[in-house]
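Trainee: First the structure, then my questions, so here it is.
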Amino acid sequence: MKIVACYNIKGGIGKTATTVNLAYLAAREGARTLVWDLDPQGATSFYFRIKPKVKKGGAGLLSGKKELDDVIKGTDHINLDLVPADFSYRNLDLALDDFKNSDKRIRKLLKPLDTEYDYIFLDCPPSVSLVSENILVAADIIIAPTIPTTLSLRTLDQILEFCNKIGVAHAKVFMFFSMVDLRKKLHKQIIENPPDNVRILKTCIPYASDIEQMGIHRQPVPLFAKNSRAGKAYEALWDEIKELS
Amino acid sequence: MASAHCIQFVLNQKTDIEHIFTLLCQQYASHEASHIRIQRQYLDSFDWRLYHGGYVCGMDSHGSAHHFFICHKETDNSTYKFPLDKVARFSHDIRHKSCRQLLDSVLGIRALITVATIHIKRRQLLVLDKEGKTLAILHAESYSMTGQAEDNSIPARLMVLPVRGYKKAFKQVVQYSSQHLKLPHASSTLFDEVLAATGQTPAAPAIVQKLTESLNTREALQILLTHLLSVIQANEQGICAAIDTEFLHDYRVAVRRARSILGQIKQVFPDKVLAYFRQELSWLGTMTGPTRDLDMYLLKFDGYTQELPSGLQNDLIPFRQFLQRHWQVEHKQLCQALNSKRYHKLISEWQRILTNKPDRSQAASNAIQPAKQVANQRIWKLYKRVLREGAAISEQSHDEELHELRKTCKKFRYLLEFFHDYYADEQIKKLIKTLKLLQENLGDFQDLSIQITQLIRFAQEMQDEGLAETKTIIAMGVLVEKLTARKEAVRAHFEECFKEFTSPSKRAEFTNALSPHHQPGGMSV
């Protein structure tokens, strides 16, 4: 089982779209896949048409494997399940803080799913918190979508600093460019001269209306726009990521 | 993925499948209906390993889309389902890691073969909530064996598939189907019905008839030779169809065992009969040898490649092509031999001796002696011979001496296995385990010796055939060097293995169990 976390401190940079599309592509190939929508906004759950609600809330969920098992929902796609979001996740930091080894709680919770799933994708809320710390510790691979802009690159540095602080190896952090618009000079320049302090995935996800259309179709891009530029880009990104594991 | 099990109902001939489906569509206001035609190939090994392991495996084809699947036999719950371009033959054809591991653990190196094909006409109904999310899936399926027209050999079914986390909706659909539609539950799985319709029974692995103490030696040998003949015949078709390499392997083991038992337990069959069988079984061994050798090289080929530095690995490709070409020639000859008059005569003679009664002239021979007594005397002699031959081996001994010891160990092991019914089960298992350790060392040594000799011969043949570039010969040379180093290491380990085999505690175990003169805890004769 590999845990892939899609994380960035910054919001609105395509984390949820990335998680949904990559998880779908993994499941389509036959990998038994689980997505945990950890963002209280519940956008991933929305895309899968699943109510963003878990029994006993976030705090209850953290108490053991049975609780996690009980809230897993099958999506409409073969091999793909979801732990839905819940509004109570906004207080997940406090709930985590009650546990011994609070930074490793999520990893401990996921470990028993080792034989049941090949991949677990974590869709993370945009923050620096105990939840983020848990996610970074639990993940085998951390993918950080980054818009090719100065401010986004600055957040990337902050992620690496955060990793240093909590003892997470930089080797498991991979950045890729997201919402790329090559008509913009700055985007082009940054892609041509990417940062050298982090491992970079070759695939760039374009700024495309097909990705925005996910909210209308409530489906992953490769399902409703198989041959689109965005669909192909997610496929290429997944091809790269699965080779990392 | 589903937490509850798929529930299946039978739609008998009187039930109108369209009518039922219409009722279901009316019952669930929010739904999505579709239909699809699927051709399903069920896959298993020749000896039904997946079936006996509790799995059903197959390939569903719908137009140009193909999906490989494995599900649990009893529940029909899907374990794996993913697209695959063509039917997998071996576990290593599957890229999906955990699925490959599962298949590998069940199949080993056995091939998957198509055991049945059915055509499915499926009407699908998705029960949705107001957000359009699927809560339960219904499949109304009718089946045909030919694909031409729906026949009645397999009754149609309604399958209710749960979606994980939506138990309530699932229960409601199941309840509606059983209580309102009054559909009976299916009493057997679809796969079992398909097998029944195709007249197949996945037989459990063949078990040799138990040897009782009242048997004389001839009767015991007839039981053992009957089993060995059944193994030989069961593998003939798989050898000729080249399904996997295990058919030939199992066949050769059975031939070797038959040779061994006829050679070791003497004065049971008339000399003339014995001479005929020894000659013909030796012929079978020789005739099947080259193909098996080439099978082994091809199976080991990836390992050979890994032995070489990465820069030399591709240079070995012509060697693989050489092996494959020679395999085709040898396999063709083997199939011809298995279809020859000589072979058929051997099989019918074999069948004849299994039913013959001993004549008067054999009254004084082993034939009418108790099998238990004759077997034990021979087993004990073989044990003493293993000790004698092993003790004579020194650092200076020729390879041939180790080879002889290996053959004696094999004969000893075969007899222990043949006549294990005459010993305490746990005791004999323990002895075989100890013997196996010594055999592994001797087996590795012999395999490496043969591989080295053959590789040198193959390299020469490739040069003679003008097929080998210098770089291929160099790569093969490097391989020979690596194998020689391993052979020397295995040879050096022999002394320790034999020392362990002859340790006082192990000797006591063998003596206690096998010595005809030792009564307590062992066998009394």
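The values are calculated or read from the model by the stated rules, or taken from the named source; none is laboratory data. Keep in mind that this is a model prediction, so the values were computed, not measured. Note: ideal-geometry Cβ built from the backbone for every residue, glycine included; neighbour counts use all protein chains shown. Side chains included, ligands, DNA and RNA excluded: accessible areas come from the protein's heavy atoms. Shrake-Rupley method; radii C 1.70, N 1.55, O 1.52, S 1.80 Å.
Trainee: Starting from the Cα of B:Ser503, move 7 Å in the Cα-to-Cβ direction to define the label point; list residues of segment B:412-444 whose amide nitrogen is under 16 Å from there.
Mentor: In segment B:412-444, the label zone of B:Ser503 (backbone N under 16 Å from the point 7 Å along Cα→Cβ) covers B:430-439.
Trainee: Same structure, new question: Using the Cα atoms of chain B, I'd like the radius of gyration and the largest Cα-Cα distance, Dmax, both in angstrom.
Mentor: 29.4, 90
Trainee: Right, next: Taking the simple approach of a point 7 Å from Cα along Cα-to-Cβ for both A:Glu240 and A:Lys100, what is their distance in nm?
Mentor: 4.2 nm
Trainee: Run through every distinct alpha carbon pair of segment A:1-107 and return the Kirkwood hydrodynamic radius in angstroms, one decimal place.
Mentor: On the way: mean 1/r = 0.0696 Å⁻¹.
With all distinct Cα pairs of segment A:1-107 included, I get 14.4 Å.
Trainee: How large is the accessible surface per residue of the protein assembly as shown, computed with a 1.4 Å probe and reported in Å² as a whole number? Don't skip to the answer; put the middle values down first.
Mentor: Values: 36550 Å² over 770 residues.
Accessible area per residue: 47 Å².
Trainee: Give the average over all directions of the projected area of the C-alpha convex hull of segment B:372-525, one decimal, in nm².
Mentor: Working: hull surface 43.4 nm².
For segment B:372-525, averaging the hull's shadow over all directions gives 10.8 nm².
Trainee: Taking the Cβ of A:Asp103 as the center, what net charge do the other residues with Cβ under 15 Å away carry, scoring Lys and Arg +1 and Asp and Glu -1? Could you put the intermediate results ahead of the total?
Mentor: Numbers: positive: A:Lys100, A:Lys104, A:Arg105, A:Arg107, A:Lys108, A:Lys111, A:Lys165; negative: A:Asp93, A:Asp97, A:Asp98, A:Glu133.
Every neighbour counted, the sum reads +3.
Trainee: Roughly how much accessible area, to the nearest 100 Å², goes out of reach of solvent when A and B pair up, both sides summed, probe 1.4 Å? Don't skip to the answer; put the middle values down first.
Mentor: Values: alone 11180 and 26970 Å², together 36550 Å².
Buried area between the two chains comes out at roughly 1600 Å².
Trainee: Then there's this: Could you tell me the extents of segment B:7-197's C-alpha atoms along the three principal axes, largest first, rounded to whole Å?
Mentor: 50, 37, 30
Trainee: Under 11 Å from the Cβ of B:Phe418, count the other residues' Cβ atoms, weight Lys and Arg +1, Asp and Glu -1, and hand me the total.
Mentor: Values: positive: B:Arg257, B:Arg378, B:Lys411, B:Arg413; negative: B:Glu417, B:Asp421.
Local net charge: +2.
Trainee: May I pose another question? Within segment B:119-235, how many Lys pairs that are eight or more residues apart, or on different chains, come under 16 Å at the alpha-carbon?
Mentor: 4
Trainee: Do any GluC sites (Glu not before Pro) in segment B:190-278 lie in a DSSP loop with no more than 14 other beta carbon atoms within 10 Å, and if so, which? Could you put the intermediate results ahead of the total?
Mentor: Working: sites: B:Glu193, B:Glu213, B:Glu219, B:Glu236, B:Glu246; in loops: B:Glu213.
Loop-located and lightly packed - B:Glu213.
Trainee: Report the convex hull volume per residue for segment A:2-244, counting only C-alpha atoms, in Å³. Please list the in-between numbers first.
Mentor: Working: hull volume 26.9 nm³, N = 243.
Hull volume over Cα atoms, normalised by residue count, gives 111 Å³.
Trainee: A follow-up question, please. Work out, step by step, the length gained on full extension between B:Gln209 and B:Asp93: first 0.36 nm times the residue separation, then minus their alpha carbon distance; give nm to one decimal. Provide the component values of the computation, followed by the final result.
Mentor: On the way: separation 116, 0.36 × 116 = 41.76 nm, distance 3.74 nm.
Result for the pair: 38.0 nm of gain on full extension.
Trainee: If you don't mind, there's one more thing I want to ask. What helices does chain B hold that run 27 Å or longer along their axis, going by alpha-carbon atoms, with a Kyte-Doolittle average of 0.0 or more, using DSSP H for the helix calls? Mind showing how you got there, number by number?
Mentor: Values: long enough: B:217-240 (35 Å, 0.48); B:245-264 (28 Å, -0.40); B:271-307 (51 Å, -0.48); B:317-338 (31 Å, -0.58); B:371-391 (30 Å, -0.76); B:399-418 (29 Å, -1.00); B:425-464 (54 Å, -0.42); B:470-501 (45 Å, 0.04).
Going by DSSP H runs, the hits are B:217-240, B:470-501.
Trainee: Under 18 Å Cα to Cα from A:Lys202, which aspartates and glutamates show up? Leave out anything in the same chain fewer than 8 places away.
Mentor: A:Asp181, A:Glu192, A:Glu235, A:Asp239, A:Glu240, A:Glu243
Trainee: OK, next. Tell me the Kirkwood radius of segment A:174-224: reciprocal of the mean inverse pair distance over distinct alpha-carbon atoms, in Å.
Mentor: Values: mean 1/r = 0.0805 Å⁻¹.
Result for segment A:174-224 stands at 12.4 Å.
Trainee: Could you give P(r) for segment A:205-245, binned at 5 Å from zero, as whole percent values over all Cα-Cα pairs?
Mentor: 6, 27, 29, 20, 12, 6, 1
Trainee: According to a simple spin-label model (label point 7 Å from Cα along Cα-to-Cβ), what is the distance in nm between A:Lys53 and B:Gln233?
Mentor: Between B:Gln233 and A:Lys53, the label points sit 6.7 nm apart.
Trainee: Taking the protein assembly as shown as the region of interest, what is the percent of Cα-Cα pairs per 20 angstrom bin, listed from the shortest bin to the one with the maximum distance?
Mentor: 13, 33, 33, 19, 2, 0
Trainee: Then there is this: Counting helices only, and only those DSSP H runs with n ≥ 4, report the 222 nm mean residue ellipticity of chain B as the sum of -39,500 (n - 2.57) divided by its residues, in deg cm²/dmol to the nearest 500. Numbers along the way, then the final one.
Mentor: Details: 16 runs with 289 residues, N = 525.
The per-residue figure over chain B is -18500 deg cm²/dmol.
Trainee: A further question on this structure: Which whole DSSP H helices in chain A pass both tests: a Cα extent of 24 Å or more along the axis and a mean Kyte-Doolittle value no lower than -1.0?
Mentor: A:150-166
Trainee: Contour minus end-to-end for B:Cys240 and B:Lys121, with contour as 0.36 nm per residue of separation and end-to-end as the Cα-Cα distance? Mind dumping the intermediate values first?
Mentor: Details: separation 119, 0.36 × 119 = 42.84 nm, distance 3.56 nm.
The span from B:Cys240 to B:Lys121 would gain 39.3 nm if fully extended.
Trainee: Moving to a separate point now. For segment B:1-94, what number results from the quotient of the Cα radius of gyration and 2.2 N^0.38 Å?
Mentor: On the way: Rg = 16.4 Å, N = 94, 2.2 N^0.38 = 12.4 Å.
Here the Cα radius of gyration is 1.32 times the empirical estimate.
Trainee: As a test, work out the antiparallel percent of DSSP beta bridges whose residues both lie in chain A, rounded to the nearest 5.
Mentor: Working: 2 of 27 bridges.
Here the antiparallel bridges make up roughly 5 percent for chain A.
Trainee: Rounded to whole Å and sorted largest first, what semi-axes of the equivalent ellipsoid does the C-alpha gyration tensor of segment B:214-369 yield via the square root of 5 times each eigenvalue? Present the calculation step by step, with values, prior to reporting the outcome.
Mentor: On the way: eigenvalues 313, 49, 28 Å².
Over the Cα atoms of segment B:214-369, the semi-axes work out to 40, 16, 12 Å.
Trainee: Modelling each spin label as a point 7 Å along the Cα-to-Cβ direction, I'd like the B:Ser310/B:Ala392 distance in nm, to one decimal.
Mentor: If labels sit at B:Ser310 and B:Ala392, their model points lie 5.1 nm apart.
Trainee: Taking the Cα centroid of segment B:402-465 and of segment B:57-77, what is the distance between the two, rounded to the nearest whole Å?
Mentor: Here the answer is 41 Å between Cα centres.
Trainee: Using a cut-off of 12 Å between beta-carbons, work out the net charge of the residues near B:Ala234 (Lys and Arg +1, Asp and Glu -1, B:Ala234 not included).
Mentor: Details: positive: none; negative: B:Asp47, B:Glu236, B:Glu246, B:Asp250.
That sum, taken over residues with Cβ under 12 Å, equals -4.
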